[in-house]
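Values quoted throughout were computed directly from the atomic coordinates according to the rules given, and no laboratory measurement underlies them. Computed from a prediction, not measured in an experiment: that's the story for all the values here. Neighbour counts are summed over all protein chains in view; Cβ atoms, including those assigned to glycine, are modelled from backbone coordinates with ideal geometry.
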Amino acid sequence: MFRITNYQSRVTHRMLQAVYNLRMAMFLGCVAALLYGIFRAAPPPDLFDQSDKVGHLLAFGALGLSSRLAFLRLSGWVLWPILAALAPLLEWLQHQLQPLRIYSLEDALANLAGVALALVFWAFVRRYVSADALLVARR
């Protein structure tokens, strides 16, 4: 039987704290990038037809995954509805705060689709990644 020394315990705690800090940094980076993209005065240039919809989908997908990783202890029954409510709300706020920007139902739906894709991906992770690995990440 192995005994965990005090030193090993401190190292493990530091490693877990570093992982937590990394998850929070990813989440805050996604939030900052998303808010910049949504609330900038002029819309970004189109790279191709409907490229802004792809941007909305990817941005909210990244926000959903980084939120889930940052807040592992928060119930999914709380987190995912909050993200689903934020998807159209942020699109509406964009129009209210930036008069040059318009509300687009298609953009709001792309936001919701990004959240839905993140949820499906997370469900896949939960199914195929061992519960022990997720529990270690929760500490």
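Using the Cβ of Gln94 as centre and a radius below 15 Å, the other residues enclosed give a net charge of -1, where K and R count +1 and D and E count -1.
Classify the range 6-138 as rounded, prolate or oblate from the Cα gyration tensor: take a ≥ b ≥ c as the square roots of its eigenvalues, call it rounded if a/c is under 1.5, otherwise prolate when a/b beats b/c and oblate if not. The shape class here is prolate.
Taking a Cβ cut-off of under 10 Å around Arg68, the surrounding Lys, Arg, Asp and Glu residues balance to a net charge of +2, with basic ones at +1 and acidic ones at -1. Residue-wise HN-Hα couplings along the range 48-59, as the Karplus relation 6.51 cos²θ - 1.76 cosθ + 1.60 with θ = phi - 60° gives them from phi, are 7, 4, 6, 5, 5, 5, 5, x, 4, 4, 5, 5 Hz; Gly and Pro carry x. Under 1.5 on a/c is rounded, so check that first for the range 10-88, then, if it is not, pick prolate when a/b is larger than b/c and oblate when it is not; a ≥ b ≥ c are the square roots of the alpha carbon gyration tensor eigenvalues. It comes out prolate by the Cα gyration axes.
Each label was represented as a point 7 Å from its Cα along the Cα-to-Cβ direction; for Ala33 and Gln17 these points are 2.8 nm apart.
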